[in-house]
1. Checking the structure you have, find out if any residue of region 77-100 is outside any helix (DSSP H, G or I), surrounded by fewer than 16 Cβ atoms within 10 Å (Cβ to Cβ), touching a residue at least 12 places away in the same chain (Cβ under 8 Å) and within 15 Å of the chain's Cα centre (by Cα).
2. On the basis of being open to solvent by less than 50 Å² (accessible area, probe 1.4 Å), assigned to a strand (DSSP E or B) and either out of contact with any helix residue (DSSP H, G or I) (no Cβ under 6 Å at 6 or more places or on another chain) or at negative phi (or both), does residue 123 make the cut?
3. Please give the number of the condition residue 319 fails out of (1) touching a Ser or Thr at 6+ places or on another chain (Cβ under 9 Å); (2) among the hydrophobic types (A, V, I, L, M, F, W, C); (3) within 24 Å of residue 403 (Cα to Cα).
4. Please enumerate the residues belonging to region 24-39 that are without any contact (Cβ under 8 Å) to a residue 60 or more places away in the chain, closer than 15 Å to residue 65 by Cα and touching a Ser or Thr at 6+ places or on another chain (Cβ under 9 Å).
5. Determine if region 381-398 includes at least one residue that is at pLDDT 90 or above, within 30 Å of residue 332 (Cβ to Cβ) and not in a strand (DSSP E or B).
6. Taking residue 111 as the residue in question, decide whether it is under 30 Å from residue 235 (Cβ atoms), among the charged types (D, E, K, R) and not in a loop (DSSP other than H, G, I, E, B).
7. Of the conditions (1) under 29 Å from residue 144 (Cβ atoms); (2) at pLDDT below 85; (3) not aliphatic (A, V, I, L, M), residue 250 fails just one. Which one is it?
8. Specify the residue that is surrounded by the most Cβ atoms within 10 Å (Cβ to Cβ); the eligible residues are those in region 243-271 that are closer than 21 Å to residue 339 by Cβ and within 21 Å of the chain's Cα centre (by Cα).
Amino acid sequence: SNLWYLFSRSVDKAWKELSNILSGIFCASLNFIDSTNTVTPTASFKPLGLANGTDHHLLRYAVLPREVVCTENLTPWKKLLPCGSKAGLAVLLKAERLFHSSYHSQAVHIRPVCRDASCLAVSWELRQTLTVVFDTFASGQGKKDWSLFKMFSRTLTDACPLASQSKVYVDISPKNKEKELLEVTPPPTSVHEAIVQGDKRTYAVYDLLSPLLFNTSRSLNVQLKWQRPQESSELPTPVLHAQRYVSGYGLQTGEISTLIYNTHPYRAFPVLLLETVPWYLRLYVHTLTIITKGKENKPSYIHYQPAQDRRRPHLLEMLIQLPANSITKITIQFERALLKWTEYTPDPNHGFYVGSSVLSALVPSIIAMKDVDVEQSPLFTSLFPSSDGSSYFVRLYTEPLLVNLPTPDFSMPYNVICLTCTVVAVCYGSFYNLLTRTFHVEEPSRGGLAKRL
């Protein structure tokens, strides 16, 4: 037991050092990661690359739902790129345009990989991804047309000299056989077909390393136009999606509800759910209910680690079978704890955040898929991995929750502090003035009226 305690302490120490180093590199608030928001998952995550082990004791997972990505995080992230933001696709990364979008996400993935086929030497792979969602329909006066210049206020000039690949993919998949309605300019260098998350997609590919692309001018502005105005068509519903909300009334008890949707018409599949709840929400595990199509759905695997006040959060992991074309509702009740007055945030009436749930699943494909050659399509196999031709891996994060806790009236201590400081300042100032001032008696001058005037 002593050996296990020392081993766990060494992992926690390395985890703390890592979070502080990353906080300094990316100018982020990752130094707020500590034992109160860190858990050790048993099934939801595993090491990637060559470190494909199953020892979950080495694994740590933490989330800071309150912290927001901002421009000071983007600048050091861009500096990790070989050409920075001077050349290549990174030219488009203009901060005021990226953060004016509907959704923004930055990621850094590091894993050990083989340097050669025999795997005698090991290299570290650094992969950076940036995800941005623009609402061009709202910003373009109701039109679905878009271009790189409209979205980023910049155009592509040249490829990064250090890049072995530099490509732009534009989704031109036809909807309802209306392929002729789309017009992409300039003409793409090639067209690529790929299976992305169980759906057949067609992409126009612009290869920035192709000498023919920049023949006419040193500027590439990809534009997509519709031949005629489009009716507002609904987006296709994904096979697996989820939502989460908190309910209840008053400031004592409440309930966290998670809805998981399986819209596949005929296939059932299991999903792995990871829930992390802060310690100041006291979960009642006996109230956990999982209902699918009006019946109780018993998980085939469940792991629960209760929270310890001011030390660690709740951890709940479950493997749940989702029937075809179904909605699964997971509910658990909680009670709000009373915090010490020094533990409240500077804006306690804003509320306290609960991190997102994590859903991991091998989702069956609706259409027949074929195994994709990694050499022919390296981008899609790394971004959208598929285990075989019949399913693909998906990890979803639900929205974070905002929960109100019982909050004392902080205006009262504020008034007391202001009054006390005022009284002390006035009294101290008066006494100091009296003690340090020297008094001089001025004799009245004698003389006539003219002298006094």
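1. For region 77-100, residues outside any helix (DSSP H, G or I), surrounded by fewer than 16 Cβ atoms within 10 Å (Cβ to Cβ), touching a residue at least 12 places away in the same chain (Cβ under 8 Å) and within 15 Å of the chain's Cα centre (by Cα): present.
2. The answer is yes for residue 123.
3. Here residue 319 meets the rest and fails (3).
4. If the condition is that a residue be without any contact (Cβ under 8 Å) to a residue 60 or more places away in the chain, closer than 15 Å to residue 65 by Cα and touching a Ser or Thr at 6+ places or on another chain (Cβ under 9 Å), then 29, 30, 31, 32, 33, 34 are the ones that fit.
5. The answer is yes, given that some residue of region 381-398 is at pLDDT 90 or above, within 30 Å of residue 332 (Cβ to Cβ) and not in a strand (DSSP E or B).
6. Details: under 30 Å from residue 235 (Cβ atoms): no; among the charged types (D, E, K, R): yes; not in a loop (DSSP other than H, G, I, E, B): yes.
No.
7. Going through the list (1) under 29 Å from residue 144 (Cβ atoms); (2) at pLDDT below 85; (3) not aliphatic (A, V, I, L, M), residue 250 breaks only (1).
8. If we take residues in region 243-271 being closer than 21 Å to residue 339 by Cβ and within 21 Å of the chain's Cα centre (by Cα), then 256 is surrounded by the most Cβ atoms within 10 Å (Cβ to Cβ).
The values are calculated or read from the model by the stated rules, or taken from the named source; none is laboratory data. Remember, it's a predicted structure, so these values are computed and weren't measured experimentally. Backbone-built Cβ (ideal geometry, glycine too); neighbour counts: all protein chains shown. What goes into the accessible areas is simple: the full protein's heavy atoms, side chains included, and nothing from ligands, DNA or RNA. Shrake-Rupley method; radii C 1.70, N 1.55, O 1.52, S 1.80 Å.
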